[in-house]
1. Considering segment B:29-38 alone, what residues qualify as being more than 8 Å from chain A (Cβ to nearest Cβ) and without any contact (Cβ under 8 Å) to a residue 12 or more places away in the chain?
2. Can residue B:20 be described as buried (at least 18 other Cβ atoms within 10 Å of the Cβ), within 12 Å of chain A (Cβ to nearest Cβ) and modelled with pLDDT of 95 or more?
3. Every residue in segment B:53-66 that is surrounded by fewer than 12 Cβ atoms within 10 Å (Cβ to Cβ) and within 13 Å of another protein chain (Cβ to nearest Cβ), please.
4. Mind checking whether some residue in segment A:9-18 is more than 18 Å from the chain's Cα centre (by Cα), free of Cβ contacts under 8 Å to residues at least 40 places away in the same chain and assigned to a helix (DSSP H, G or I)?
5. Do you know which residues across segment A:18-33 are surrounded by 15 or more Cβ atoms within 10 Å (Cβ to Cβ) and either modelled with pLDDT under 95 or closer than 12 Å to residue A:75 by Cβ (or both)?
6. If a residue has to be modelled with pLDDT of 95 or more and either away from every other protein chain (no Cβ under 11 Å) or assigned to a strand (DSSP E or B) (or both) to count, how many in segment A:74-89 make the cut?
């Protein structure tokens, strides 16, 4: 049944902005076209003239944190080359927020409160029911009252894939088992599940756990087995960040992918960045879940 | 060779030398991980389906399938023998591959046979074939209603339901896709 995705998006965007306003965050705008995209092993930036389109607003947000802006958020389009499927679109809406003097658990609390505010039943009733089919509201997920499970990557892999990747990481095996074994198990569990404490090799831009150097302070929120948000206790060590970019560049080269230079302004900003927690959340996927749909087609009318 | 990013539903590929078709396809990219292409694949020889996930760096063999025109020639034990319309080379197709279609193969029938390398995979028959009714109860004269059916047998023993007005010796047209009576071609 057709969902009124226009009304749903409008309602969700209003409630996202209301949520961050209520919690004292500043809405920021950062460049969409950048000279140097943030380098990640498996994320490819879309060229735009002599610039690239952003794959994430991350590097600018960290510069804002370093400049003293302690609670910031941005909702905007991000672009990732070649990502297309029921749960992917090369252009998508990302919500990203950061909290200074906080860590990944603090922003997990934000996330839980945000999802409860955004996916409250009255919102679903008001937005979808207005123009759409009442049946689609009934199918929509009531995420407001669902229990949140917290599962370490170590426990999830041991239970669902029969091995522990922490201290024993193998990238291909990790990615394959995540997709073929762990994610389907999270889908069977249903509701919100937070996969937490990733092997340090899969840390991306998160810091190591102080009491366990094999693990990074990173979590991913899954709802009904679909990945919705990624969060870190942000890495603030410029030397470590530089080293990770260098390793990433080597590995991208080995995969035949283009490499991007190191953004010195970003590295320098880390010197002054307070310990922070940050979250990136896929708004289109969240809309899809609230609507009870299983493909982004339901919420991206021009796709 | 295909790249993993070329994969899509319906694409025919070769795995371990066997022709296969992708019946379900999903792009997946977990967390900060690599792109993975999750496929359900059907082996076109055995009919078995299985799951396979490709990484973006993997290469996949193309599957070359060729369809050629043949004429039905004769039956040799369990094999139906067809001759290539251009080279006159014979192709033997067994009972198992033909399945129910064997009931509708008649002399000099023009067919298309699908080959993977030199192995016959599938056959397609004309949609309709004319066959004589060998056995049936006598028809009710004047009753041309087509919604009342009765059992009948074709010369090869195939049992088919025909309208009540069909008699032994009549020629009927059979839909080879469904195995059902289509209409009467001529009276016996």
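1. none
2. Taking the combined requirement at face value, the residue does not satisfy it.
3. Within segment B:53-66, B:59 is the sole residue that qualifies.
4. Checked segment A:9-18: at least one residue is more than 18 Å from the chain's Cα centre (by Cα), free of Cβ contacts under 8 Å to residues at least 40 places away in the same chain and assigned to a helix (DSSP H, G or I).
5. Within segment A:18-33, A:19, A:20, A:25, A:28, A:30 qualify.
6. Count: 7.
Yes or no, residue by residue, for (1) in contact with a helix residue (DSSP H, G or I) (Cβ under 9 Å, 6 or more places away or on another chain); (2) at pLDDT 95 or above:
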position: A:124; (1), (2): yes, no
position: A:130; (1), (2): yes, no
position: A:140; (1), (2): yes, no
position: A:189; (1), (2): no, no
position: A:196; (1), (2): yes, yes
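Listed here are the residues, each with its yes/no results for (1) assigned to a helix (DSSP H, G or I); (2) within 14 Å of chain A (Cβ to nearest Cβ); (3) touching a residue at least 60 places away in the same chain (Cβ under 8 Å).
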| position | (1), (2), (3) |
| --- | --- |
| B:27 | no, yes, no |
| B:40 | no, yes, no |
| B:51 | no, yes, no |
| B:68 | no, no, no |
| B:80 | no, no, no |
| B:86 | no, no, no |
| B:93 | no, no, no |
| B:102 | yes, no, no |
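The values are calculated or read from the model by the stated rules, or taken from the named source; none is laboratory data. Owing to the predicted nature of the structure, the values given are computational and were not obtained by experimental measurement. Methodologically, a virtual Cβ is constructed for each residue, glycine included, from the backbone with ideal geometry; neighbour enumeration extends over all protein chains shown.
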